[in-house]
């Protein structure tokens, strides 16, 4: 069965430090991959997505993600975290048809 | 352009009452999704419409839940009768082209069933 795994439930980083949030998926072919962010009390907002082509994808707010087929991963990165990046981050996989799955989310805390 | 609109933003009701949540998708979007978010179960896809037709309702918890999309600009999620375990935040999202396209989320409806 298809699935999405975000192994880190919660991550704490200092402001200005680099960030990497992990996402692994299980799917037979190359899926459509997404990262969404949810600020407290808000709906989800798309950060970036990968469908095909260049495996390094740039998104909003200075985020990027790299698709690695060999590792079935789509990790989210940011070189320097800002306090406003504190939020819940969700990886998602769409495989066409009825298949769309969100990961369980990673909560990010940013220390001043 | 207005985003996805949901109403009400907050709903408090008593067990056994009927609850109706409403969603207006972004104009021109063909697909609409209803999600439920809880601490215990995370984000769950309840039902997915494409061109007003339900494509996948396998996530609907039980017969107490029903969803309709009478036209391209309106959808409802109804719970009858409601139970305390239905307390959650319910999100509506829409997209141009199904679940492989970007989904735009509404602000959510926080439902509390006493």
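Residues that are away from chain A (no Cβ under 14 Å) and assigned to a helix (DSSP H, G or I) within region B:62-114 comprise B:84, B:85, B:86, listed in sequence order.
Within region A:34-62, the set of residues being assigned to a strand (DSSP E or B) and loosely packed, with under 14 Cβ neighbours inside 10 Å comprises A:56, A:58. Taken over region B:26-67, the criterion of being closer than 17 Å to residue B:98 by Cα and within 10 Å of the chain's Cα centre (by Cα) is satisfied by B:32, B:33, B:34, B:35, B:45, B:46, B:47, B:48. Output yes when any residue across region A:72-80 is crowded, with 20+ Cβ neighbours inside 10 Å and without any contact (Cβ under 8 Å) to a residue 60 or more places away in the chain, and no when none is. Yes, region A:72-80 contains at least one residue that is crowded, with 20+ Cβ neighbours inside 10 Å and without any contact (Cβ under 8 Å) to a residue 60 or more places away in the chain. Please indicate, with yes or no, whether at least one residue in region A:7-14 is within 14 Å of chain B (Cβ to nearest Cβ), at pLDDT 95 or above and in a strand (DSSP E or B). The answer is yes, given that some residue of region A:7-14 is within 14 Å of chain B (Cβ to nearest Cβ), at pLDDT 95 or above and in a strand (DSSP E or B).
The values are calculated or read from the model by the stated rules, or taken from the named source; none is laboratory data. As the structure is a prediction and not an experimental result, all values here were calculated from the model. Quick reminder, even Gly has a Cβ in these numbers, built from the backbone with ideal geometry, and neighbours come from all protein chains shown.
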